[in-house]
Amino acid sequence: MMSTSCATKVGVDEVKIMGCDALLKRRLDHKVEGNKTDSIMNRVHVTSARAPATRPAFIPPTLQKQKEAKMDVDGEDSESEEEFMTEKELRDLNGGSGVYSTDYRKQWMLENEEWRYDAPPEIIDGMNVADYIDPDIEAKLAALEAEEDLLLRAFEMTPEQRAREAEWSVMAEQLTKVRRVIRHKRHTHHSRRDMGRKEPRKIRKSLAMVEDALRDLGRDPSLVRERALSKKTEKVRAKRRAYSLTPEAQAARSVSRSRSLKPSRESLSLHRPADKEKAGQLRAKAFKVMFRKSKIGMKGEADRHVPTKKPKHLYTGKRPKGTANHR
């Protein structure tokens, strides 16, 4: 009997294991007692041999002969243990992984052992590069270097030339500084070019000053004097003519002049005083909006705000049938 508790879960697993083992044993006994066992035993050979207690390692005969050939008379190995080091041991001794490179040439099967570490030929377009190398290239290179040394010695600078070279270097530095200053001035000029410019002040000159300047240049000032006096007389005559008109004539003249002027588009489109007053209010409101936009860096009503082209609430999630203004 086994004691178990469903509340504390004590002994539940042991009961499960015991029940499974009993069920498995019963099924095996039932199969052995059946008639199928005899038919299976006739076709299966069950041996009673057992493995030996000692199982030595198997060494191939060829390897055994090589090992016996290398043995000394005393029965010890003639080669040291270092010659039988593995590639992993060689890698650890020569810098480790990433530093040591495996030597694959020692495994090559060659007719002549002297060929093992020879440099392989370089082949380009089916031809060996070594066949086109000049054997006297080293001597010719040495001759060229000697000639170059002689030329350098022949063109060595004298003390005077060195002093002149130093002066040229100082002048070059000064010119570089001057160029830098000119470049800076040009840059500041371009940067200030777009700033607001003030109109040049008009200097009013008298007729006497103009006549004196023309006399200094050797020209006749009479034409200039006649032109100035004629303009002055025309202005005086116009003023006298205006003062000489009666009030009725002046009123008629102002009415005819107003008729000759082209009427404004506002007066043509708006006939009632109420409409004109409302248009004035809308104009003032528009000016306020434009002033407010200019404060935040907008130029006018054309510089409008462009909202998000793909708002999140319209382009996120599935799109079933229905409206597209929400999800």
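The values are calculated or read from the model by the stated rules, or taken from the named source; none is laboratory data. Remember, it's a predicted structure, so these values are computed and weren't measured experimentally. Accessible surface areas use protein heavy atoms only, side chains included; no ligands, DNA or RNA. Shrake-Rupley method; radii C 1.70, N 1.55, O 1.52, S 1.80 Å.
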Practice item. Among the residues of segment 35-61, write down those that are of a type in the set (Val, Ile, Thr), modelled with pLDDT under 75 and open to solvent by 90 Å² or more (accessible area, probe 1.4 Å). Key: VAL46
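For every residue, the table says whether it meets (1) at pLDDT 70 or above; (2) among the aromatic types (Phe, Trp, Tyr); (3) assigned to a helix (DSSP H, G or I).
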site: ALA284; (1), (2), (3): yes, no, yes
site: LYS299; (1), (2), (3): no, no, no
site: ASP303; (1), (2), (3): no, no, no
site: LYS321; (1), (2), (3): yes, no, no
Study note, to complete from the structure: Note on segment 62-93: residues modelled with pLDDT of 85 or more and open to solvent by less than 80 Å² (accessible area, probe 1.4 Å) are GLN64, THR86, GLU87, LEU90
Exercise for review: Give segment 7-24 a look and list any residue that's open to solvent by 70 Å² or more (accessible area, probe 1.4 Å) and either hydroxyl-bearing (Ser, Thr, Tyr) or part of a helix (DSSP H, G or I) (or both), or say none.
Suggested key: THR8, ASP13, GLU14, LYS16, ILE17, MET18, CYS20, ASP21, LEU23, LEU24
